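Scroll down for the structure; my scribbles are underneath it.
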Amino acid sequence: QVTLTINGRQITVDEGTTILEAAKKLNIHIPTLCYFKLHDDRTINDPGSCRVCVVEVEGRRNLAPSCSTPVAEGMNVNTSSIRAIKARRSVVELLLSDHPHECLLCEKNLNCELQSLAAELGVRELPYQGKKATYEIDNSSYSIIRDMEKCVYCRRCETMCNEVQQIGVLSGVYRGFNSVVAPAFNLPMAETNCTFCGQCVSVCPTASLTEVHYIPDVWNAINAEGKHVVVQTAPAVRVALGEEFGYEPGTIVTGKMVAALRSLGFDSVFDTDFAADLTIMEEASEFVHRLQHGGKLPILTSCCPGWIQLLEHSFPDMLDIPSTCKSPHQMFGAITKTYFAEKMNINPKDIIVVSVMPCLAKKFEAHRPEMEYEGNRDVDIVISTRELAKMIKEAGIDFTSLEDEDFDNPLGVSSGAGDIFAASGGVLEAAVRTAAEMVTGKAGEPIEFIDVRGYDGIKEASIDIDGTNVKVAVTNGLGNARKILNDIKAGKAEYHIIEIMACPGGCIGGGGQPYIHGDSDILKKRIEAIYKEDANKELRKSHENPYIKKLYDEYLGEPYGTKAHEMLHTHFTP
Ligand code: HC1
Ligand code: SF4
């Protein structure tokens, strides 16, 4: 342990702690920019590069970057000396001299860390004026926009893409004045191996990486003559949307969200969680079928389009191992334009399905050519949790004072198993709850698979299902996914089922969720809230959802049967 003094106050911390972390323990705030602590406590790979967090250390000639300088016994630190404050301000002034000054029109207005820093440091004029670097905006993909004129070269996205996700699309290119983070050969994102997981967008402090917007399309749909506009909300949206309206992280706002969606003018307000239950019916049946008929194992969950992109790009010889299930929101679209359309006597061509997702990859997924049934796109428009919050604000809806409302039916009821899809491990836990009872034919207490919860990189467990020791693994983050896929390839991974989610923590940490600005405790609170929601529900198994039973009875026939196959399953292409 090491004892030091910061701003005249003594503190004892573990050896190896940085000055920044020690100051935090004393509630002393030091501004930062490139610094970013990830969910697994990793920090950015080039710490101290922006030099915004510099502090005065007695006896040292140069100011020290607090995020990368470890504490030392007897150290005397001053975080707010005139010299440190002036140095920080100079850094920000320099950055702003090569940054567009269009804050009012910027996507990240009021959510930009550079803007906040400039305000915090009292930047009022720019002493350095000169030529600005210019770049073309890359809006080649359905998911992510790159505007390198707004890049501050903090390299958070590079760490995320290369170290955590290990996709290697974004790296520092060029030198000096022109340095930016970009794909190799400056290729458009759509032509790279990007999975569109959106984690680069999650960590970008400015609007250099943002999502593709579909809000105008949604307004047009709502206002179009003769259209029935259906909205569905993903499991992870309800646990994060409240953050945009001042609620404590981990507050579930389902009722208010439904009320807001109705106020916005959607004709039917449904729940992707219902389709999560439907996915479990299909996926668990597929697993049981493979188990009992000597099919290919392990079966891999297929609801995350980010990981599916990784599979298709990097493991083209393994396309036969994931479940063939479409993701829940795509299944939802297919069911809406058939079963629901028939029930309501609406021409499917007059239905517009809008998905509200925590995810940027879903924007891409909905555009995949195979995501349709009988000539109708499953899902027409995908917006993120952040975009929904923007729409609610645009419409002047006072979210906090809304009375709770319920989803519409028949596609609005879900089990706790559907809810936990939002967190890493949840899909597998939900699948096991149903698969176990499909195999044994006996109903029991809902399985709580504690070992696969939480956001450790790779989690393993096993469970006895009717005499078979079913071995499972759960992984989140694409770097971990790559490892497990390599292990399967090498014959080193003996599992029956593997759940893979691209985003750290699963969809609760998706690229379309409210920004957390490096506070990974927010992710933990979202996860806790999701499991509490499940624990408090009466209905906790997908196969017990009465509306799911009805859907099979009235329309689909057998789970994993012919009709279900045509509508709800897909294939993967290299
Ligand atoms: Fe997800 Fe899913 S859980 S993929 O993470 O299977 O996006 O929330 O909607 O489709 O249900 C995302 C979340 C979501 C799908 C479901
Ligand atoms: Fe999207 Fe969820 Fe996959 Fe992230 S983990 S890419 S949010 S589906």
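Just to confirm my filter: which helices (runs of 4 or more DSSP H) fall fully inside segment 263-357 and include at least 2 residues that are farther than 27 Å from Glu544 by Cα and within 16 Å of ligand 2 (Cβ to nearest atom)?
In segment 263-357, 305-314 are the helices (runs of 4 or more DSSP H) which contain 2 or more residues that are farther than 27 Å from Glu544 by Cα and within 16 Å of ligand 2 (Cβ to nearest atom).
Consider Gly426 carefully, then state whether it is at pLDDT below 95, crowded, with 19+ Cβ neighbours inside 10 Å, within 24 Å of the chain's Cα centre (by Cα) and within 16 Å of ligand 2 (Cβ to nearest atom).
Against the criterion (at pLDDT below 95, crowded, with 19+ Cβ neighbours inside 10 Å, within 24 Å of the chain's Cα centre (by Cα) and within 16 Å of ligand 2 (Cβ to nearest atom)), Gly426 qualifies.
Would you call Cys157 assigned to a helix (DSSP H, G or I), surrounded by 20 or more Cβ atoms within 10 Å (Cβ to Cβ), free of Cβ contacts under 8 Å to residues at least 40 places away in the same chain and not aliphatic (A, V, I, L, M)?
It is false that Cys157 is assigned to a helix (DSSP H, G or I), surrounded by 20 or more Cβ atoms within 10 Å (Cβ to Cβ), free of Cβ contacts under 8 Å to residues at least 40 places away in the same chain and not aliphatic (A, V, I, L, M).
Taking segment 358-367 as the search range and keeping residues that are part of a helix (DSSP H, G or I) and over 24 Å from Thr562 (Cα atoms), which one is farthest from ligand 1 (Cβ to nearest atom)?
Phe364
If you scan segment 439-460, which residues turn out to be modelled with pLDDT of 85 or more, more than 25 Å from Ile484 (Cβ to Cβ), assigned to a loop (DSSP other than H, G, I, E, B) and not small (Gly, Ala, Ser)?
Of everything in segment 439-460, just one residue is modelled with pLDDT of 85 or more, more than 25 Å from Ile484 (Cβ to Cβ), assigned to a loop (DSSP other than H, G, I, E, B) and not small (Gly, Ala, Ser), namely Lys442.
With the condition kept exactly as written, say whether any residue in segment 398-413 is within 16 Å of ligand 2 (Cβ to nearest atom), in contact (Cβ under 8 Å) with a residue 24 or more places away in the chain and not basic (Lys, Arg).
No, every residue in segment 398-413 fails to be within 16 Å of ligand 2 (Cβ to nearest atom), in contact (Cβ under 8 Å) with a residue 24 or more places away in the chain and not basic (Lys, Arg).
Which residue out of Val470, Val413 is assigned to a strand (DSSP E or B) and of a type in the set (Val, Ile, Thr)?
One residue alone meets the criteria, Val470.
Residue under question is Tyr142, and the condition is that it be of a type outside the set (Gly, Ala, Ser), out of contact with any Pro (no Cβ under 9 Å at 6 or more places or on another chain) and either at pLDDT 95 or above or surrounded by 24 or more Cβ atoms within 10 Å (Cβ to Cβ) (or both); does it hold?
Yes.
Quick one: Phe36 ticks every box in (1) assigned to a strand (DSSP E or B); (2) under 24 Å from Glu158 (Cβ atoms) except a single one, so which number is it?
With (1) assigned to a strand (DSSP E or B); (2) under 24 Å from Glu158 (Cβ atoms) applied to Phe36, the lone miss is (1).
Out of (1) touching a Leu at 6+ places or on another chain (Cβ under 6 Å); (2) under 30 Å from Asp14 (Cα atoms), what's the single condition that is false for Val92?
Here Val92 meets the rest and fails (2).
Can you say whether Lys362 is touching a Pro at 6+ places or on another chain (Cβ under 9 Å) and within 14 Å of ligand 2 (Cβ to nearest atom), as far as the supplied structure shows?
Answer is yes for this residue.
Among all residue pairs at least 6 apart or on different chains, which show Cβ distances below 6 Å where the first residue, located in segment 294-305, is touching a residue at least 60 places away in the same chain (Cβ under 8 Å) and the second is part of a loop (DSSP other than H, G, I, E, B) and more than 16 Å from ligand 1 (Cβ to nearest atom)?
Pairs that qualify, where the first residue is touching a residue at least 60 places away in the same chain (Cβ under 8 Å) and the partner is part of a loop (DSSP other than H, G, I, E, B) and more than 16 Å from ligand 1 (Cβ to nearest atom), are Leu297/His496; Pro298/Tyr495; Pro298/His496; Leu300/Ile321.
Does Lys525 meet the test of being more than 25 Å from Glu342 (Cβ to Cβ), at pLDDT 95 or above, of a type in the set (Lys, Arg) and away from ligand 2 (no atom under 16 Å from the Cβ)?
Criteria met by Lys525.
Within segment 496-523, count every residue that is within 23 Å of Cys325 (Cβ to Cβ), among the β-branched types (Val, Ile, Thr) and more than 10 Å from ligand 1 (Cβ to nearest atom).
Total meeting the criteria: 3.
Quick one: in segment 164-184, of everything that is modelled with pLDDT of 85 or more and out of contact with any Gly (no Cβ under 7 Å at 6 or more places or on another chain), which residue is surrounded by the fewest Cβ atoms within 10 Å (Cβ to Cβ)?
Once the filter is applied, the top-ranked residue is Ala184.
Does segment 104-114 include one or more residues that are part of a loop (DSSP other than H, G, I, E, B), surrounded by 14 or more Cβ atoms within 10 Å (Cβ to Cβ) and charged (D, E, K, R)?
Yes; the residues of segment 104-114 include at least one that is part of a loop (DSSP other than H, G, I, E, B), surrounded by 14 or more Cβ atoms within 10 Å (Cβ to Cβ) and charged (D, E, K, R).
Tally up the residues in segment 483-497 that are within 16 Å of ligand 2 (Cβ to nearest atom) and touching a helix residue (DSSP H, G or I) at 6+ places or on another chain (Cβ under 7 Å), please.
Going through segment 483-497 one residue at a time, the tally reaches 1.
Could you give every pair whose Cβ atoms fall below 8 Å, whose first residue belongs to segment 121-147 and is without any contact (Cβ under 8 Å) to a residue 60 or more places away in the chain and under 28 Å from Ala84 (Cβ atoms), and whose second residue is loosely packed, with under 11 Cβ neighbours inside 10 Å and aliphatic (A, V, I, L, M), counting only separations of at least 6 or pairs across chains?
Sorted first by the residue in segment 121-147, then by its partner, the list stays empty.
Which one is nearest to the chain's Cα centre (by Cα), of the residues in segment 464-518 that are under 22 Å from Tyr531 (Cα atoms) and hydroxyl-bearing (Ser, Thr, Tyr)?
Only one residue fits best here, namely Tyr515.
Given the conditions (1) in a strand (DSSP E or B); (2) out of contact with any Cys (no Cβ under 8 Å at 6 or more places or on another chain), report the number of the one that His517 does not fulfil.
Every condition holds for His517 apart from (1).
Tell me which residues, restricted to segment 283-299, are of a type in the set (A, V, I, L, M, F, W, C) and surrounded by fewer than 24 Cβ atoms within 10 Å (Cβ to Cβ).
Those that are of a type in the set (A, V, I, L, M, F, W, C) and surrounded by fewer than 24 Cβ atoms within 10 Å (Cβ to Cβ): Val288, Leu291, Leu297.
Just to be sure before I move on: is Gly242 in the same structural domain as Pro348 (by TED's automatic domain parsing), among the small types (Gly, Ala, Ser) and more than 16 Å from ligand 1 (Cβ to nearest atom) in the structure I sent?
Criteria not met by Gly242.
Got a number for residues in segment 501-512 being under 10 Å from Ser202 (Cβ atoms), within 8 Å of ligand 2 (Cβ to nearest atom) and either of a type in the set (Asp, Glu) or assigned to a loop (DSSP other than H, G, I, E, B) (or both)?
4
The values are calculated or read from the model by the stated rules, or taken from the named source; none is laboratory data. Small disclaimer: the values here were computed from a predicted structure and weren't measured. Neighbour counts run over all protein chains shown; Cβ positions are idealised from the backbone, glycine included.
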